[in-house]
Amino acid sequence: MYLADSRPTASDAAPAHRPGRSPRIAGTVLALGSVSLVTDISSEMVSAVLPLYVVAALGVSPLGFGLLDGIYNGATAVVRLLGGLLGDRGSRHKTVAAAGYGLSALCKPALLVAGTMPALGAVLAADRAGKGLRTAPRDALISLAAPAGQRGRAFGVHRAMDTAGALAGPLLAFLILRAAPGGYHAVFSVSACVAALGVLVLVLFVPGRYGPAALTPPPAPRTGTLTALLRLPALRRITLCAALLGLATVSDSFLYLLLQRRLGLSAGWFPLLPLGTAAVYLLLAVPLGAAGDRIGRRRGFLLGHLVLLAAYALVLLRPGGGLPVAAAVLALHGLFYAATDGLLAAATASAVPADRRGAGLALVGTGQALGRFTCSLAVGALWTHWGPTTTLTTMAATLALAVLAATPLLRPPHPEEPTP
């Protein structure tokens, strides 16, 4: 249906390796994976309890939670482009990423004193701004460390390590709440300590530059970098596609709330719902990343959203009992992430010159974040006025239309265009 998304070039040539053996994963990828693993333990501890903390402990309405969830998912867009541009300038990807990880780490203890909607919104915005600042420089380091034909696999390894943290975080939060029911502040305190450890691992073990950039820093981004990037047809289509599909991607927090309400699951088990998603993501991130290298990363990205549509349909139809349906939905949710997250970054990296890799990744990520921010606001408003069933039905129909609209955007490049 689509062409494969990568073709090795002289600047991205794969290092030699023995035939018949899988090439080794670069140390930079493994080090960044370790940082993400530790950081995600911290972040997912908070994410696992945040919906119940906001709705049950603070008494916030679904519309209010939609606003907070939109901030949580959309605040990354505010600084994502800045992080990409600063990282490209003088190849300072590690420095900018460290600043982003540090900002998020500082926000974790601030949750202990954020007891009102405005204060909580400000802390969450700062935390997600840190994520936005670090994401593009981090992914740029991964893409520069991996050969062009194996970027899907490299991003899959990183995402698998990241997801191992996402698996451990909710479990740790669950254990803390079992030991101290209602102890949300205990969760936030442990999360702060773990986040500080992630920053330390980054500073000590991640190299500042990789490959050619370690010898000769790339030139500073030219004036009008973003405008020039948008003139690249492949990158322009990927950005538009990511934003369009983001508009119909219900956030994890809302999906778990919908799942709990529709299936009547106990609130005590709520922190464990992300574990199902994370477990499947962990198992499939590497094989689906490698498959994307072979069959086309953009194809995998689009098919992953069809899997998400199946998850929406399963929640709406509710065939059979609660737990089996919940397990199936979480499996589809994890499959969606495994088929889309790393492949989107790998496809983007192959469509952007090496010296503007951070800015290109940031541009696509910003489009996706803005789409998901808008989606969270819409879901909160729909839920408040028409309830969860109508909300999910509307989002399922929107996602189906978005997939149809995105299909021509992911067509193979024209002969006169560079193959991404």
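Just so it is clear, none of the values below were taken in a lab; they were calculated from the coordinates. What you see is a predicted model, and the numbers here were worked out from it, not measured in a lab. All Cβ positions, glycine included, derive from the backbone under ideal geometry; neighbour counts span all protein chains shown.
Brief remarks on what is shown
- Debye log10 I(q)/I(0) for the stretch 77-173, one point scatterer per Cα, at q = 0.12, 0.17, 0.23 Å⁻¹: -0.48, -0.86, -1.17
- Relative to one another, the C-alpha centroids of the stretch 139-195 and the stretch 259-317 are positioned 17 Å apart.
- 23 Å tail of the calculated P(r), the stretch 283-420, as % of Cα pairs: 43 percent
- For Arg92, no residue whose modelled amide H falls within less than 5 Å of its own remains once neighbours fewer than 5 places apart on the same chain are excluded.
- Spread of Cα-to-Cα distances over 5 Å intervals beginning at zero, given as percent, for the stretch 250-320: 3, 13, 20, 23, 18, 12, 8, 3, 1
- Here the Karplus relation 6.51 cos²θ - 1.76 cosθ + 1.60, evaluated at θ = phi - 60°, turns the backbone of the stretch 37-45 into coupling constants of 4, 5, 5, 6, 4, 5, 5, 6, 4 Hz, with x for every Gly and Pro.
- Square roots of five times the Cα gyration tensor eigenvalues for the stretch 321-388, Å: 32, 20, 5
- Think of each Lys and Arg Cβ as +1 and each Asp and Glu Cβ as -1; about the Cα centre, that makes the dipole of the stretch 289-373 roughly 120 debye.
- Rounded to the nearest Hz, the phi-derived 3J(HN,Hα) couplings of the stretch 233-248 under the Karplus curve 6.51 cos²θ - 1.76 cosθ + 1.60 (θ = phi - 60°) are x, 5, 5, 4, 5, 5, 4, 5, 5, 4, 5, 5, 6, x, 4, 10, where x marks glycine and proline.
- Options Pro109, Leu85, Gly130, ranked by Cα towards positive dipole end of the stretch 77-181, top entry (Cβ charges): Leu85
- Seen from a random direction on average, the alpha-carbon convex hull of the stretch 241-359 projects onto 8.0 square nanometres.
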